[in-house]
Amino acid sequence: MSIITCPDAGRPDCACSSLTRLQRSLSNLNSPAGPRRGFLFLGANFSTEGLTMTLDFSKLDGLVPAVVQDDTSGEVLMVGFMNEEAWALTKRIGYVTFYSRTRNTLWTKGETSGNRLAVRQILIDCDDDTVLVKAAREGDGNVCHTGQRTCFNKIDTTWTEAAR
């Protein structure tokens, strides 16, 4: 059983508006007094079939950030952007596809190198404007164009605790 908590669900300014929409869309959560707010209990057999999972492409000129994470290790691999077409293609083919802002075209990660990212799970943030894609590495497992396993391999040594 999964529990999603959102104590402010139902408030007009709540950042968990997508949770509230999900609650309202599930008829068995409604009581004669109206939709229940605050907790959503999802059983192990919960299905999103019949629910509309949409992204808000209106905030960044038609793009949403897509964070890619290794589905086994949890390591953050890379960040790219998706437009509606890249989002639809990713879901259709099962491999992470981005929109290149510099080339103004779609590209499926690993289409030339063979180091593809097979989608295992997609999570949408509470504002419907960012996705987290949990993926399995294919090929030699190196995701970055520099040949590294992840794009996040530089450590900022100028940052200190005192800076906070």
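As an exercise, identify the GluC sites (Glu not before Pro) in the stretch 70-164 lying in DSSP coil whose Cβ has no more than 12 other Cβ atoms within 10 Å.
Counting only loop positions with at most 12 other Cβ atoms within 10 Å, the GluC sites (Glu not before Pro) in the stretch 70-164 are 111.
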Q: Report the label-to-label distance for residue 124 and residue 107 in nanometres (one decimal), using points 7 Å from each Cα along the Cα→Cβ vector.
A: 2.7 nm
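Bear in mind these aren't lab numbers, they're just calculated from the coordinates by the rules spelled out. On a predicted model such as this, the values are computed, not experimentally measured, just so you know. Glycine gets a Cβ as well: all are built from the backbone with ideal geometry, and neighbour counts include every protein chain shown.
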